[in-house]
Amino acid sequence: MIFERKLPIPKEVKEQYPLSAELEKVVTKRAEEISDIFTGKSDRLALIIGPCSADNEDSVIDYISRLRTVQEKVSDKILIIPRIYTNKPRTTGDGYKGMLHQPNPNEKPDMYKGIVAIRELHMRALNETGFSCADEMLYPENYRYLSDILGYVAIGARSVENQQHRLVSSGISVPVGMKNPTSGDISVMMNSITAAQHKHTFIYRGWEVHSEGNPLSHAILRGYVNKHGQSMPNYHYEDLVHLAEIYANSGLENPGVIVDTNHANSGKKYLEQIRITKEVLHSCRHDSSVKKLVKGFMIESYIEDGAQKIGECIYGKSITDPCLGWEKTEKLIYDIADLL
């Protein structure tokens, strides 16, 4: 390893790019609204929706601004939490690793610029749309750069068994979703939720820290890959009933699941997300225990349908996994509201 430079600690970055008192109030209010869904105080559905990766500030803000208009029309039934995913796990290590690494996908990595860029992007979304957003905690030590601004945190399928991800999640105050691992072993996901809900003492960013446990940690079903490398779904009625039974015997607080409609659940066939969402809603209508368990959906969506290669520069089109375009997205959100 070649050590390039010492990066500023999160406290320094927050001081350079602070939230105003007004924006702090927005984050607090949003946190309460999101929390109420996972504790059962609210029967609204959480919709964690947005691009696979946040690759361009202007197009991401454009997309989120469109969501704001839709949110006002469905606010009695749906709470939208935009995805601003700024760091991406790569299966082989190759490919675009997100804005944290490359603020400009066409330029070389610059981690300092990336840290500033992701904070400014989340702040701009909050300031211009009133949305506190969701991000994936790929690197637990970097969470503090955004800890005062996020509304939701996801732990990916490749990270969910990692000790540091679990311990840091136990010290986060907003909902943290734990994905099932790529193997599909539900016990791994449930163990991660259990760990996140308990208190711990551990080392974090050179400090000895104590966490109080996160009662809002919960499951995300994203499908899995079998021994032949084939994508297998786990969103069907039987999967949801089984998870409800596991939760009932677990003693965990606030049982809940977010259904990820893409990834292995769709076989990365992004158009299937529409059908999958509606099938899960049908399961909720069929069984009260499933309805109580399902807290919402995770949907990959952007301005343009599909995906493109880096360098093609089509505005609002994903450069990682393919996404639903805006017209289909808008219709799907209204359809969800009608079905609730």
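The values are calculated or read from the model by the stated rules, or taken from the named source; none is laboratory data. All of these numbers come straight from a predicted model, not from anything done at the bench. No Cβ is skipped: glycine too gets one built from the backbone with ideal geometry, and neighbour counts run over all protein chains shown.
Structure notes:
- The set of residues from the range 190-207 being surrounded by fewer than 15 Cβ atoms within 10 Å (Cβ to Cβ) and in contact (Cβ under 8 Å) with a residue 40 or more places away in the chain comprises just one member, Arg205.
- A single entry from Asp94, Asp55 fulfils the requirement of being in a loop (DSSP other than H, G, I, E, B), free of Cβ contacts under 8 Å to residues at least 60 places away in the same chain and not polar (S, T, N, Q): Asp94.
- Exactly one residue out of Thr194, Thr182, Thr201 is farther than 20 Å from Thr277 by Cβ and part of a helix (DSSP H, G or I), and it is Thr194.
- Scope the range 221-262; condition more than 17 Å from Arg285 (Cβ to Cβ) and of a type in the set (D, E, K, R); matching residues: Arg222, Lys227, Glu245, Glu253, Asp260
- Filter result (among the acidic types (Asp, Glu) and either part of a loop (DSSP other than H, G, I, E, B) or at positive phi (or both)) within the range 58-91: Asp76
- Contacts under 7 angstrom Cβ, first residue in the range 112-123 being under 10 Å from Gln102 (Cα atoms) and part of a helix (DSSP H, G or I), partner of a type in the set (D, E, K, R) and modelled with pLDDT of 95 or more, 6 or more apart: none
- Taken over the range 236-267, residues that are part of a loop (DSSP other than H, G, I, E, B) and surrounded by fewer than 23 Cβ atoms within 10 Å (Cβ to Cβ) amount to 9.
- Residue check for Gly130: small (Gly, Ala, Ser), on the phi > 0 side of the Ramachandran plot and at pLDDT below 95: no
- The set of residues in the range 212-235 that are buried (at least 20 other Cβ atoms within 10 Å of the Cβ) and of a type in the set (Val, Ile, Thr) contains only Ile220.
- When the range 97-111 is filtered for residues that are surrounded by fewer than 16 Cβ atoms within 10 Å (Cβ to Cβ), under 14 Å from Ile319 (Cα atoms) and either touching a Lys or Arg at 6+ places or on another chain (Cβ under 7 Å) or in contact (Cβ under 8 Å) with a residue 40 or more places away in the chain (or both), only Asn106 remains.
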